[in-house]
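Only one structure is covered here, and it is reproduced in the block below.
Throughout, read-outs are computed from the coordinates displayed, never taken from laboratory work. Bear in mind the structure is a predicted one, so any value in this text is a computation, not a measurement. Cβ placement follows ideal geometry from the backbone for every residue including glycine, while neighbour counts extend to all protein chains displayed.
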Amino acid sequence: MKLLWFHLMPYTKLPDDFASKHPSVWVDVDRDLFDPAEAHRMYNDFLDEMEFAAECGFDGVCVNEHHSNAYGMMPSPNLIAATMARRTRDAALCLMGNSLALYNPPTRVAEEMAMLDIISGGRVIAGFPVGSPMDTCYAYSQNPSMVRDRYHEAHDLIMKAWQADKPFDWNGRFNKMRDVNVWQRPIQRPHPPVWIPGGGSIETWEWAVKSNYLYCYLSYYGYKLALRTMDGYWNKVRELGEEPNPFRAGFLQFVGVANSKQEAIDLYREPAEYFYNRCLHVDPRFTGPPGYLSENSIRANLGSQVAAAASAAQDRYAGVLSRVKRDMEGFVDKGYLVVGSPDEVADQLRKCATELNVGNFMVLLHFGNMDKQLAMYNTELFAKKVAPQLKDLFEDKWENHWWPKPLQQAGRQYPRAEVKVAS
């Protein structure tokens, strides 16, 4: 099983009364709450944490893209991945991802991801999310009924740009370009492995399977509530005649490790309650623009988990989220967070991975307003005492076709430049 360290890069200084005095953490979040000097420290702490995770032996580090919000301060995952490409040696760089519908032209994604793959020696995972409605429809003013069409055209253009033998013209619905010639080619041929993060759209499941891409469920609410979504995905895999290889799926889980379960609850209480009660404080008016969700997904009742959280926060959601006590005990009880001693956490994650049939496991070991010291403690304890108990899972039966193949693994080497200083 592959273990990846995921970072959301949340703003860690939202006030205690944020949820009661501010309508949303996303789209119209109060600009006066942002302090650039504090953010300077945060960004550099976050980069330290990611580099530390790579040094601890995680198979990959994950970055993502969000806009106009304090829940995730990473409008450009490519900038963060560029720093990781130079400062890490072995960890895969999982760009989760670039929101393709927002790029004009999309060849910018092809160029930048190719550069990152070259700089890193072939360690890039190309994540292509459709993008949340908050990011696409509100922060970037895209027509919700056209987001998915824009996305698919952008994807097709990027793939052709990476693989075409000569310059070509593109005459699409949303992009019209002459002499497309993305000269930088990724090291990985025909392209880096593609991961599709999603929240449960039926169309996304089908497209990912038919394209032989990895489907990745990025959940805030743990494996207990993810079973329905992942069951739907695996049913689609079988329906389309493909093998249920666990390595064609990924999943995200919040994790807190300590010497005992009670110590973990005590240590991670504040950052967990900060995340669920402030970082997920989203106004429902931003979460479900008409036309964004397909008719098939609506009929299957596969709505956005952010929309569910927003409704629950304002007492409009009658489902399971509104019944959860919004404190650490409630989050642990419902499985939002997996916490405990290393052995307890390993047992829970092994059960989670097995029941979900997921071979690429992303862990959020920094969440909420967690400080760097605690994040590194959580990371190191997981790497030393939890990860060794999980690494062998699935690898005796299945091959991972959705993982990068760096130069070293292909029998080629890329030497570091030697700098000679004149005496």
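Annotations
- Structure-derived Rg/Rh (Cα atoms, Kirkwood Rh) - corresponding label in (1) 1.53; (2) 0.95; (3) 1.01: (2)
- Close amide H pairs (under 5 Å, H built 1.01 Å from N) link H7 with C62, residues at least 5 positions away or on another chain.
- For the chain, built as a Gaussian network whose Cα springs stay under 10 Å, the top-fluctuating residue of V282, V29, V339: V29
- Candidates P290, P23, P271, ranked by Gaussian network fluctuation over the chain, Cα under 10 Å, top entry: P290
- In order along the stretch 92-108, the Karplus-derived 3J(HN,Hα) couplings, from 6.51 cos²θ - 1.76 cosθ + 1.60 at θ = phi - 60°, round to 5, 9, 9, 8, 10, x, 10, 6, 4, 5, 9, 9, 9, x, x, 4, 4 Hz, and Gly and Pro are given as x.
- Here the extension length gained between N259 and D371 equals 38.5 nm, from 0.36 nm per residue of separation less the Cα-Cα distance.
- Modelled label reach - E355, point 7 Å along Cα→Cβ, the stretch 1-30 residues with backbone N closer than 13 Å: none
- Estimated purely from DSSP H runs of n ≥ 4, each contributing -39500 (n - 2.57), the mean residue ellipticity at 222 nm for the chain is -11000 deg cm²/dmol once divided by its residues.
- Database note for the chain: Cys without another Cys beta carbon under 4.7 angstrom, C56, C137, C216, C279, C352.
- A cut-off of 5 Å between modelled amide H atoms, ignoring neighbours fewer than 5 places along the same chain, links F168 with D179, V180.
- Cα-Cα over 30 Å, subset of K261/K372; K2/K166; K21/K334: K2/K166
- Calculated FRET value between E38 and S76, using beta carbons and R₀ = 30 Å, to 0.05: 0.95
- Here the label points at R285 and D396, each 7 Å from Cα along the C-beta direction, are separated by 5.7 nm in the simple model.
- Residues whose amide H lies under 5 Å from that of W26, counting only those 5 or more places away or on a different chain, are D283; hydrogens are built 1.01 Å from N in the peptide plane.
- Segment N235-S145, length gained on full extension (0.36 nm per residue, minus Cα span): 29.7 nm
- Placing unit charges on the Cβ atoms only, positive for Lys and Arg and negative for Asp and Glu, gives the stretch 2-410 a dipole magnitude near 800 debye about its Cα centre.
- 3J(HN,Hα) along the stretch 282-288: 10, 5, x, 5, 9, 9, x Hz, from the Karplus curve 6.51 cos²θ - 1.76 cosθ + 1.60 with θ = phi - 60°, whole Hz, x for Gly and Pro.
- Using a Gaussian network model of the chain in which every pair of alpha carbons under 10 angstrom is joined by a spring, one finds that among D392, D231, D179 the greatest mean-square fluctuation is at D179.
- Placing unit charges on the Cβ atoms only, positive for Lys and Arg and negative for Asp and Glu, gives the stretch 23-144 a dipole magnitude near 380 debye about its Cα centre.
- Backbone phi angles across the stretch 261-268, fed through the Karplus curve with coefficients 6.51, -1.76 and 1.60 (θ = phi - 60°), yield HN-Hα couplings of 5, 5, 5, 5, 4, 5, 5, 9 Hz in residue order; Gly and Pro are listed as x.
- Exposure proxy ranking, count of Cβ atoms within 10 Å, fewest first, for V61, V182: V182, V61
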